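First the structure, in the form of structure tokens, and then the observations on it.
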Amino acid sequence: MDQEMARLQSSFPPWLWNAFEAYFRAEERNRGFMLGFDHVADARLVERIRQLKVAKRQSIKKDYPTRPNGLSPNSESFAALNKLLADAPGTDAEGFDFEEESPEGLSVEQDGFERVYVVNWTQGFRDSVRLAVEAVIAEHGNGFKNRALWLVYNAHVRCVGGLVYCDHSRPHFWHDEAAWVFSELLH
């Protein structure tokens, strides 16, 4: 199974593999897996391989622009975008409670039937982010658009959510809650 995991890992860019790993770690915490039992570890590995094969068949990596390397320029527009994203509202905030009133800029709705929380940035906060990205493009040109969008994507994953494996319907699939950044933010 280790060889199969290595083969699957080689089919994804490193950032995407890390996103899968983060999802799996979160699922283990949420489900409270009993660590130390070999049969449980084997079952987890088999399930991960199955889920990663779904991602490969889904061709999930084609949905993203190339991730830029290096640092952002030292500029007023990138500093403003970084500040906005550093202060972005999210479920990662200390003391966040789904039962309490949502912080400004964050929308939290509960699906009453399944008791699942749907969390996202409000349209007002998204508009602020869009304006900050447009300021980066105005200052640096389209060559830095992807760098700015990836900063937004990373902040959304940290604050609200990213890759999620959906097994509540057939066929199973991966959904990226942060993918809107690339398809909707500037449109």
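Readers should treat all values here as calculations from the given coordinates under stated rules, not as data from a laboratory. Keep in mind that this is a model prediction, so the values were computed, not measured. Heads up, the Cβs are rebuilt from the backbone with ideal geometry, glycines too, and the neighbour counts pull from every protein chain shown.
Between Ser183 and Asn18, the modelled labels are 2.4 nm apart [label points 7 Å from Cα along Cα→Cβ]. In plain terms, the chain from Asp111 to Asn142 could stretch by 7.2 nm, reckoned as 0.36 nm per residue minus the Cα-Cα distance.
Restricting the stretch 88-187 to GluC sites (Glu not before Pro) that sit in a DSSP loop and have at most 12 other Cβ atoms within 10 Å of their own Cβ leaves Glu94, Glu99, Glu100, Glu101, Glu104, Glu114, Glu184.
Quick one: putting +1 on the C-beta of Lys and Arg, -1 on the C-beta of Asp and Glu, what dipole do you get for the stretch 82-177 around its Cα centre, in Debye to the nearest 20?
Values: 8 positive and 17 negative charges, 133 e Å.
Roughly 640 debye for the stretch 82-177.
Rounded to the nearest 20, the Cβ-based charge dipole of the chain about its Cα centre (Lys and Arg +1, Asp and Glu -1) stands at 1080 debye.
Look at the dipole of the stretch 76-183 built from charges on Cβ: of Asn146, His156, Leu81, the Cα furthest out on the positive end belongs to Asn146. Compute the helix-to-body angle for 14-31: its Cα long axis versus the longest principal axis of the chain, expressed 0 to 90° and rounded to tens. On a 0 to 90 degree scale, this one is about 60. If you take the alpha carbon atoms of the chain and fit the smallest convex hull around them, that volume is 157 Å³ per residue. For Gln123 and Asn82, the difference between the fully extended length at 0.36 nm per residue and the C-alpha to C-alpha distance is 12.9 nm. Note on Cys166/Glu47: beta-carbon distance plugged into 1/(1 + (r/R0)^6) with R0 of 22 Å gives a FRET efficiency of 0.95.
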